[in-house]
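Accompanying notes for the structure given below.
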Amino acid sequence: MPHQEAIFTVDSSEGLCQILMEKVPLWISFVLATSIGFCNGDEDFVKDGEYIKIKRSTFGVLIIFAVMVITLIIAFMRYLRKKSKADESIDSTRSSQDNKGHGEVINRWSGLYKFSTGEIEKAINYANSKIYLGSGSAGQVYQGVLPSGQLVAIKHIHKSAMSGSFMREVEGLSKVRHPNLVCLFGYCDDGGDQYLVYEYCANGNLAQNLLRSDSVLSWPARVKILRDCASVLRFLHTHPDGCIVHRDIKLTNILLTESMEPKLSDFGLAKMLQMEETKVFTDVRGTIGYMDPEYITHSKLTCASDIYSFGVVALQLLSGRKVIELDTVARDSLTKKAKDVVSGKKPLDEFIDPRVREEVNIEDFVLILKIAVLCVAHSSVGRPTIKDVFEEMDRALRNTNSKVIT
């Protein structure tokens with residue numbers, strides 16, 4: 001049915017308004033007729049050929065009636081809008097009351113689940129005994145099970161480290177996400193106890209896997225672990241907010257999932273250098289055997305401090321040497337031997353882990369050894385950037401994979 005315009009005219013001689021019938025939609029004619037009385041033969045409406053004549057007084061009533069209807073509709077809509085805002089305000093107040101006591105934590109770490117102490121204790125004691133996994137920079141780590149049946153790792157923060165380590169680790173891992181960073185699911189800050197709840201890495205840490213007597217960490221797996229660790233370091237060092245220095249890269253802080261994917265863990269000592277900072281002088285923390293000599297001597301922390309630690313890890317994977325924790329003598333012996341091999345003073349064969357000698361691709365081994373030696377340069381000036389390190393590790397992995405396929 002085509003739409004038609006209503007055309008109103010006024011007959012001043014008879015005091016009537018006229019509506020051209022053929023220009024009026026049928027529904028308007030129907031409303032006018034039934035609401036005023038046309039159907040009952042009321043004289044307010046008079047049909048005259050193509051027009052409906054309406055008394056001016058009646059027409060005025062129609063206008064007033066229309067204005068009243070529109071006013072009521074507007075008032076009703078405003079009422080609904082105010083009611084909706086009031087409901088939102090009530091919900092907001094209730095939410096604020098529910099979160100009372102959490103304070104700033106809820107706003108900062110809204111993406112994390114806040115566990116209660118009861119939930120943590122139930123998760124840790126699921127087998128009626130605690131299963132100890134190890135220790136981090138600020139606490140002991142236990143295996144736990146959530147109500148869903150998911151395995152998790154739960155770190156109980158030492159009371160002496162609560163104020164600093166807990167804040168750094170939660171803030172750090174709630175802001176950054178990477179496939180090779182251990183995932184933080186939630187935290188507990190309740191009744192003086194603090195816990196961190198992480199994803200569970202079924203194959204333990206890299207130190208355990210490197211030194212296992214019942215199995216050998218294959219050469220391709222070692223190369224992939226180094227490439228993936230370089231990838232996550234590149235991500236941290238080039239973070240938009242500034243370079244994030246991990247400060248504690250070592251074999252025991254590189255966890256392995258069931259599929260042997262490496263995950264860098266323990267952000268308890270991490271520190272972010274702002275965009276304008278290339279170095280910062282701070283208290284010396286970390287594991288002495290992996291620490292940058294410049295950092296130890298001058299307390300000067302830079303992105304290159306992580307590069308040094310990565311170099312020590314790489315040399316350990318190449319040689320299969322035991323874990324270096326608090327032994328600078330063992331570290332210096334390892335780095336000196338590597339430098340002697342690169343310079344030709346000692347044969348390459350002396351540095352290759354005998355357990356993987358048969359599967360090592362010499363070209364890739366030498367490539368990784370050379371970049372690792374550069375990483376452990378005594379001065380940070382002589383160390384490569386993480387971008388260069390990643391590119392070399394990625395090239396070595398591609399070469400290794402191509403050899404395995406062929």
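The values are calculated or read from the model by the stated rules, or taken from the named source; none is laboratory data. Just so you know, these numbers come straight off a predicted model, no measurement behind them. Every residue, glycine as well, gets a Cβ built from its backbone with ideal geometry; the counts of neighbours run over all protein chains shown.
Consider residue 376 carefully, then state whether it is within 18 Å of residue 332 (Cα to Cα) and out of contact with any Pro (no Cβ under 6 Å at 6 or more places or on another chain).
So residue 376 passes the test.
Give the residues of the stretch 192-228 that are over 21 Å from residue 153 (Cα atoms) and outside the structural domain of residue 389 (by TED's automatic domain parsing), sorted by residue number.
none
Here is a yes/no grid of residues against (1) surrounded by fewer than 23 Cβ atoms within 10 Å (Cβ to Cβ); (2) touching a Lys or Arg at 6+ places or on another chain (Cβ under 8 Å):
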site	(1), (2)
174	yes, yes
185	yes, no
189	yes, yes
203	yes, no
209	yes, no
239	yes, no
257	yes, yes
266	no, no
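I'd like the full set of residues that are closer than 25 Å to residue 397 by Cβ and either free of Cβ contacts under 8 Å to residues at least 12 places away in the same chain or in contact with a Leu (Cβ under 6 Å, 6 or more places away or on another chain) (or both), limited to the stretch 322-341.
Within the stretch 322-341, 323, 334, 338, 341 meet the criteria.
So, in the stretch 317-374, how many residues would count as being under 14 Å from residue 220 (Cα atoms), in a helix (DSSP H, G or I) and not hydrophobic (A, V, I, L, M, F, W, C)?
Of the residues in that region, 3 qualify.
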